[in-house]
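In what follows, a structure is listed as C-alpha cells, so that the remarks can point back to it.
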Amino acid sequence: MEKIIEVRDLSYRYSEEHPLVLKEINFTVNKGEWLSIVGHNGSGKSTLAKCLNGLIIPQKGTVEVNGYDTADEQTIWEIRRLVGMVFQNPDNQFVGATVQDDVAFGMENHGLPRAVMVERLSEALRLVKMEAFAQTEPHRLSGGQKQRVAIAGIVALQPLIIIMDEATSMLDPEGRREIIQTVRDLNKKHQLTVISITHDLEEAIHSDRLLVMNDGQIVREGKPRDIFKSTDLLKKVGLDLPFAIKMRNALRAKEVPLTDSALFQEELVDELWTLHSSM
Amino acid sequence: MDITFEHVTHVYGQKTPFEKKALNDVSLHIPSGSFTSIIGHTGSGKSTLVQHINGLLKPSAGRISVGDFVIDANQKKQDLKPLREKVGYVFQYPEHQLFEETIIKDVCFGPMNFGVSDSEATKRAEESLQLVGLPAAYWHRSPFDLSGGQMRRVAIAGVLAVRPQVIILDEPTAGLDPRGREEILSLFSDLHKRLNLTIIMVTHNMSDAAIYSDQVIAMDGGKPLLADTPEEVFSHVELLRKVGLDVPETMEFLSKLLKKAGKQQVVTAFTLDDTADAVIDLLNEVKDHV
Ligand SMILES: Nc1ncnc2c1ncn2[C@@H]1O[C@H](COP(=O)(O)OP(=O)(O)OP(=O)(O)O)[C@@H](O)[C@H]1O
Ligand SMILES: Nc1ncnc2c1ncn2[C@@H]1O[C@H](COP(=O)(O)OP(=O)(O)OP(=O)(O)O)[C@@H](O)[C@H]1O
Ligand SMILES: [Mg+2]
Ligand SMILES: [Mg+2]
C-alpha cells in the first residue's frame, strides 16, 4: 500500500493560554482508502483535519502529504491542490456571489483552463443535484442545499484527497445516501482518498479503516469490524454502537442465540434467517 | 400555547429575480404541550415554516397564531418581543446566534434582554450550560473558539436560559456526538414532559422523530404532505420514499427481514425492544407455517 499522508508526533494548541488539543498524534493514510475519524465533540477532529491541508501548522511534529511537508511554505500550494476540504460549516467556505461563481472560484485559483472549468462546473452541480440553483446567491440556500454546494466546490477541483468534515450532517436520508455513493464511486473508480469525519456510525462502518479520537489523542485505529467489538471503550469515549449491534444485543437479551459477527443490517437479517431455518 | 397556521404562504424575494415560493398555502395545528417533529427533503420548507412561529419571517399571505399572539400577512409591523420571550429558537447553524465575547455572557444575553437581573441570569446560564454538558473550564472563553458540537451546545443553552414555553429546534443534533445527541434529546423530552413545554423539532433522523414525537409533519415542496402520529406517518413507506424520506432504521430492518420471509406487510416499531419482539413474533409465525 502506498502512503499518501504521514503524521508524526503531532501536537497542537491554539495559543499559549489554551491547552493542548492534539497530543502526540501518529498515523498514516493510504492512497485510495476510505478512512473515517470518529470521536466526541471537542476531541480534536476538525483541528486535525486542518493540519492535514496545512491550514494549521503544528507546534510539534510533522505532517507530510504526498512527500511534501506542510510546514514548508514553498510547497504549501501544492498541498492545497492535492487536498480538498469540505468544512463543517459551509458558510465558512463560500466566497462567490452565486453558486456557480462559488464553485468556479476554486478552479480559477487552481488555474484551470476555461473550457475545463465549464465542464467540471456543470458536472459537479449535477452530481449534487444543484443545477437548478447555479445562479442563486449562496445565502439564499437552505441548510442542506449549502452543504451540497460546498461538496460540489471541492469535487470540481478533483483533488487527490478529499476531507469531509461532517459534510453531510444536514442532508435528508436520501440525499445523504446519494452523496456518499457519489464520493464512493470516485473513491473506487479514481482512487480518490477519502478522509471522512463523521458522527454517523452507519456511514463509518462502511469505511476501510477507522480512527477513534478521545481528548486530543487517537485511542484506537483499525477495521470497523474489529473496533466495534470494543463496546466498553466506545461507551467510555462517548460513542455509540452501530444499529445492527444494538439490535443484536436487544435480541440476545430476549434469548435469541446470536453470535457477535454481524456489523451490517443485512448480515443480521441473514443470521436470523439461518437460525430460524435450523430451529 | 396552541400554534395554528391558516393558509400561510411565504415567498422569498417577492417581485425580484430571486422570487421563490417556499411555503404554499400551509394550514396546520400544533397543540400546546405537544412534541412535534418536522421532516422533509432538503429545501422542502422546514426552516422557513418554523421561522414563522417566532416572527423571524413574516407570511406573504395567511395568518399564524401562537397562543394569543397573531401574525397576519396584512398587519403592519408589531412588537415581537413578547412573542420571542415565549418562543425560543435554536438555529440550524449555531454560529448564527452566537456573538458575545464569552460563552457565559452569550448565554446570559437572552434572559437579561427580557429583564432578568444580572445575578439571576448568571445562575440560569450556569444551569443551562451544565444541562447541555459544556464543562465550566470553557465558560469564560470566546464562543467562537469552540468545536462545532460545542457551539451547538452553547446555542441550546442560550435558549434554555430564557425559559420559554415553546422551543423550536432546527436540526438540534446535527454535529453532536452520539452521547451528546442522546443527552440533548432526552433533555428536551424531559422538559416537554415535566414542564409541559411545546417542542418543535426539525430533523433528518427518522428514528428520533418517531421516538420522541406526538405528531410528525412531513413536508414536501412547501406543503405538509402528512401530519399525524408517528405510527400513522411512518406506515406510509412508499410515499415517504417518494419524497426523499425514509422510515426509522428499526422499521427498515424489519422490512428486510419481512422481505426474506416473503411478506409485504408494514410493521411499525420504533424502539429496539419493540423491534426485537416483532422479530421474534415474525420468526415464530414463519416457523409455524412450515
Ligand atoms: N479557534 C479555537 N481557539 C481555541 N480553541 C479552539 C478553537 N477551535 C477549537 N478549539 C478547541 O479545540 C478542541 C478541539 O476542537 P475541534 O474543533 O478540533 O473538535 P472536533 O473533534 O472537531 O469536535 P466536534 O465534533 O464538536 O466538531 C476543543 O476543545 C475546542 O474547544
Ligand atoms: N433567503 C432566501 N431567499 C430565497 N430563497 C430562499 C431563502 N431561504 C431559503 N430559500 C429557498 O426556499 C426553499 C425552502 O428553504 P428552507 O430553508 O425552508 O428548506 P429546508 O426544508 O429547511 O431545507 P434543509 O433541510 O436543506 O435545511 C429552498 O428551495 C431554498 O432555496
Ligand atoms: Mg469538528
Ligand atoms: Mg433547514
Relative contact order (percent, whole number), chain B, Cα cutoff 8 Å, 6+ residue spacing: 21
Roughly what % of DSSP beta bridges within region B:3-243 run antiparallel, to the nearest 5? 55
Would you tally the net charge around B:D25, using a Cβ to Cβ cut-off of less than 10 Å, leaving B:D25 out, and scoring K and R as +1, D and E as -1? +1
With 10 angstrom as the radius, rank A:H199, B:H29 by how many other C-beta atoms surround their C-beta, starting from the fewest. B:H29, A:H199
For region A:217-231, Karplus couplings with θ = phi - 60° (6.51, -1.76, 1.60), whole Hz, Gly/Pro x: 10, 8, 9, 8, 8, x, 6, x, 4, 6, 5, 6, 7, 7, 3
Whole-Å distance, taken between Cα centres, linking region B:43-67 and region B:71-126: 18
Using a/c under 1.5 as the rounded threshold, could you call chain A rounded, prolate or oblate? The axes a ≥ b ≥ c are square roots of the C-alpha gyration tensor eigenvalues, and prolate needs a/b larger than b/c, oblate otherwise. oblate
For region B:131-151 and region A:237-273, compute the distance between their C-alpha centroids and round to whole Å. 35
Exposure proxy order (Cβ contacts within 10 Å, fewest to most) of B:R163, B:R152, A:R177: A:R177, B:R163, B:R152
Which whole-Hz couplings ³J(HN,Hα) result when phi for each residue of region B:143-154 is put into the Karplus expression 6.51 cos²θ - 1.76 cosθ + 1.60, θ = phi - 60°, listed in order with x for Gly and Pro? x, 8, 8, 10, 6, x, x, 5, 4, 4, 4, 5
How high is the relative contact order of region A:121-266, in percent, counting Cα pairs under 8 Å that sit 6 or more residues apart? 15
Normalised by the residues of region A:1-139, what does the relative contact order come to in percent, with Cα pairs under 8 Å and at least six apart? 19
If we count other beta carbons within 10 Å of each Cβ, what is the order of B:H52, B:H140, fewest first? B:H140, B:H52
Between rounded, prolate and oblate, where does the protein assembly as shown land on the alpha carbon gyration tensor, with a ≥ b ≥ c its root eigenvalues, rounded for a/c under 1.5, else prolate if a/b exceeds b/c? rounded
Separation of the A:Q181 and A:A115 label points, Cα + 7 Å toward Cβ, nm: 3.3
How large is the helix-only mean residue ellipticity at 222 nm for chain B, computed as the sum of -39500 (n - 2.57) over DSSP H runs with n ≥ 4, divided by its residue count, in deg cm²/dmol to the nearest 500? -12000 deg cm²/dmol
If one builds a Gaussian network model of chain A from Cα atoms under 10 Å apart, the most fluctuating residue listed among A:V38, A:V99, A:V237 is A:V237
What distance in nm separates the simple spin-label points at B:E120 and A:T62, each placed 7 Å from Cα in the Cβ direction? 6.1
Where the centre of each part is set by its Cα atoms, how far does region B:219-290 sit from region A:94-152, in angstrom? 38
Compare B:K260, B:K105, B:K46 in a GNM of chain B, Cα atoms joined below 10 Å, and give the one with the largest fluctuation. B:K260
Pick from A:T168, A:T70, A:T259 the residue whose mean-square fluctuation is largest in a GNM of chain A, springs joining Cα atoms under 10 Å. A:T259
Restricting the count to DSSP beta bridges whose residues both fall in chain A, what percent are antiparallel, rounded to a multiple of 5? 50
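Here, each number is a calculation from the coordinates, and none is a lab measurement. Predicted model only: the values in this text are computed from it and were never measured. Neighbour counts are summed over all protein chains in view; Cβ atoms, including those assigned to glycine, are modelled from backbone coordinates with ideal geometry.
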